[in-house]
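Down below is the structure, laid out as structure tokens.
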Amino acid sequence: MRDYYKQIKSTECFRSKNGRDSVVYLVRWQYVANEQELDISKTLEFETELDTENTESFTEYSELTQEQVIDWIESTLTDQQKNEYKSKLDKKMDSVVFGKFVDNWI
């Protein structure tokens, strides 16, 4: 069974913005496909810039969860991007799992 998930690798913050401390403006993350039975994973890596102008619903950095940051990332992606990224991961996985040569998979 193939699972897909996003994983936060790192964040960058403004020290202070709009009267708030440690405002996240950049997230480095991976989109991962995993074949559990075969113990094979493939990843795509991304950087997402976040809108930091509106800090009304601000969460203190020490209270942020990976799920919350992933929700922020998700909100910046179009359906087309989501489908494209999943397709790229599938091609990478299929080239290993099924031994297929896939041209232009990057």
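The values are calculated or read from the model by the stated rules, or taken from the named source; none is laboratory data. Owing to the predicted nature of the structure, the values given are computational and were not obtained by experimental measurement. Every residue, glycine among them, receives a Cβ derived from its backbone with ideal geometry; neighbour counts consider all protein chains shown.
Among the residues of segment 63-99, those identified as in contact (Cβ under 8 Å) with a residue 40 or more places away in the chain, more than 14 Å from TYR31 (Cβ to Cβ) and over 13 Å from the mean Cα position of the chain (by Cα) are LEU64, VAL96, VAL97.
Kindly indicate the residue of segment 25-59 that is charged (D, E, K, R) and more than 19 Å from TRP72 (Cα to Cα) and also surrounded by the most Cβ atoms within 10 Å (Cβ to Cβ) among those meeting that condition. Before you say what the answer is, go through the steps one by one.
First pass over segment 25-59, keeping only residues charged (D, E, K, R): 28, 35, 37, 39, 42, 45, 47, 49, 51, 53, 56.
Then drop every residue that is not more than 19 Å from TRP72 (Cα to Cα), which leaves 35, 37, 39, 42.
Numbers: GLU35: 15, GLU37: 9, ASP39: 7, LYS42: 20.
Result: LYS42.
So which of LYS82, LYS86, LYS92 is at pLDDT 95 or above, farther than 30 Å from SER22 by Cα and not polar (S, T, N, Q)?
On the way: LYS82 fails: farther than 30 Å from SER22 by Cα; LYS92 fails: at pLDDT 95 or above.
Answer to the check: LYS86.
For segment 85-100, a residue qualifies if it is within 20 Å of LYS9 (Cβ to Cβ) and surrounded by fewer than 16 Cβ atoms within 10 Å (Cβ to Cβ), and exactly one does: LYS86. Scanning segment 4-24 for residues that are hydroxyl-bearing (Ser, Thr, Tyr), modelled with pLDDT under 95 and either under 8 Å from the mean Cα position of the chain (by Cα) or surrounded by 14 or more Cβ atoms within 10 Å (Cβ to Cβ) (or both) yields a count of 1. Taken over segment 36-57, the criterion of being under 16 Å from LYS88 (Cβ atoms) and over 11 Å from the mean Cα position of the chain (by Cα) is satisfied by ILE40, SER41, LYS42.
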